[in-house]
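The structure appears below as structure tokens.
Taken together, the values in this text are just the output of simple stated rules run on the coordinates, not laboratory data. For clarity, every value in this text was computed on a predicted model and none was experimentally measured. As a convention, Cβ positions derive from the backbone with ideal geometry for all residues, glycine included, and neighbour counts pool all protein chains shown.
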Amino acid sequence: MPENRSPHILSTSANLLGICFVVLTSLKKLNLADDSIIDEFAVVAVMLFMTSCILSFVSMRRERQESQNLEKVADFVFLTGLVVLSVATILIAFNLIK
């Protein structure tokens, strides 16, 4: 029997969504958004984590088979968001983007 990962995906993606919003707000307040592409990475991550949150929430409210399909999609979208954040972090760490 497969385990239900939707609550874990929901809580983790919601936390990362909040972090992305903090990054975006900080960039806007410090007027750094025009000088870098970090904000574009953050916006993409926000959209992915928001989608993951919605899909995982909806999967908890659906029937078993449909729930599993939505959970798989939410899992993939969440992983894509992590990859976007990882790429942005690596690019910043090696000073490839400013």
Compute the convex hull volume of the Cα atoms of region 6-93, divide it by the residue count, and report the result per residue in Å³ as a whole number.
72
Cβ-placed point charges (K, R +1; D, E -1), dipole of the chain about Cα centre in debye, nearest 20
160
Quick one: R64, R5, fewest Cβ neighbours within 10 Å first, how do they rank?
R64, R5
Residue among C20, I9, L96 farthest towards the positive dipole end of the chain, charges placed on Cβ:
I9
CD proxy at 222 nm, helix term only [per DSSP H run n ≥ 4: -39500 (n - 2.57); per residue of the chain; nearest 500]:
-28000 deg cm²/dmol
Mind pulling the angle between the C-alpha long axis of helix 6-29 and the longest principal axis of the chain? Nearest 10 degrees, somewhere in 0 to 90.
20
Would you mind putting 7-13, 85-91 in packing order, based on average other-beta-carbon counts within 10 Å, highest first?
7-13, 85-91
With label points built 7 Å along Cα→Cβ from the Cα atoms of I92 and K28, find their separation and express it in nm.
1.7
For region 74-81, just list the computed ³J(HN,Hα) in residue order, Karplus coefficients 6.51, -1.76 and 1.60, θ = phi - 60°, integers in Hz, with x standing in for Gly and Pro.
4, 5, 5, 5, 4, 4, 4, x
